[in-house]
1. Scan the stretch 20-43 for residues that are of a type outside the set (D, E, K, R), over 29 Å from residue 3 (Cα atoms) and in a helix (DSSP H, G or I) and report the count.
2. With the requirement that a residue be surrounded by fewer than 12 Cβ atoms within 10 Å (Cβ to Cβ), of a type outside the set (Ser, Thr, Tyr) and in a helix (DSSP H, G or I), what does the stretch 1-19 give you?
3. Got a number for residues in the stretch 54-80 being closer than 21 Å to residue 43 by Cβ, among the hydrophobic types (A, V, I, L, M, F, W, C) and buried (at least 16 other Cβ atoms within 10 Å of the Cβ)?
4. Evaluate the stretch 30-46: report whether one residue or more is without any contact (Cβ under 8 Å) to a residue 24 or more places away in the chain and closer than 22 Å to residue 10 by Cβ.
Amino acid sequence: MENKKRKTLSMAALIVSILPAATLVPVFLKITLPEGVNTVWAGVNVVSAVLGFVLSGICVRSDESRSPVNIASTLISAFWCLLMMGMVVLALFLTFMR
């Protein structure tokens, strides 16, 4: 039973980690989203990146549940979190340089 819970948790972590990539769909289709939808979409991306990182961390923490899927979801979530933190730092830097 414990193994099934861990597999379900690791798949959920992988799906949540990949979810921010859905932002690229409107870009590729050249669809412009309204401002309210755009803001909600950005919030969902931030929440899913952090949630994916937390779920992946829970899965990778123990040695017996460490698998390539868990490691991949951790790396993907870490990439999204670092990318978002870099954007925040760049925005702050550009704001104070004016």
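Laboratory data are not the source of any read-out in this text; all were calculated from the coordinates shown. These numbers were taken from a predicted model, which means no experiment stands behind them. For neighbour counting, all protein chains shown are included, and Cβ atoms are generated from backbone atoms with ideal geometry for every residue, glycine included.
1. Restricting attention to the stretch 20-43, the residues satisfying the condition of being of a type outside the set (D, E, K, R) are 20-29, 31-34, 36-43.
Those still in the list that are over 29 Å from residue 3 (Cα atoms) too: 22-29, 31-34, 36-43.
Among the residues that remain, those that are also in a helix (DSSP H, G or I) are: 22-28, 36-43.
Going through the stretch 20-43 one residue at a time, the tally reaches 15.
2. Residues of the stretch 1-19 that are surrounded by fewer than 12 Cβ atoms within 10 Å (Cβ to Cβ), as a first pass: 1-5, 8.
From what's left, of a type outside the set (Ser, Thr, Tyr): 1-5.
Hits for the stretch 1-19 are 2, 3, 4, 5.
3. Count: 4.
4. Start the filter on the stretch 30-46 by keeping residues that are without any contact (Cβ under 8 Å) to a residue 24 or more places away in the chain, which leaves 30-43.
Adding the requirement that they be closer than 22 Å to residue 10 by Cβ leaves none.
No: zero hits.
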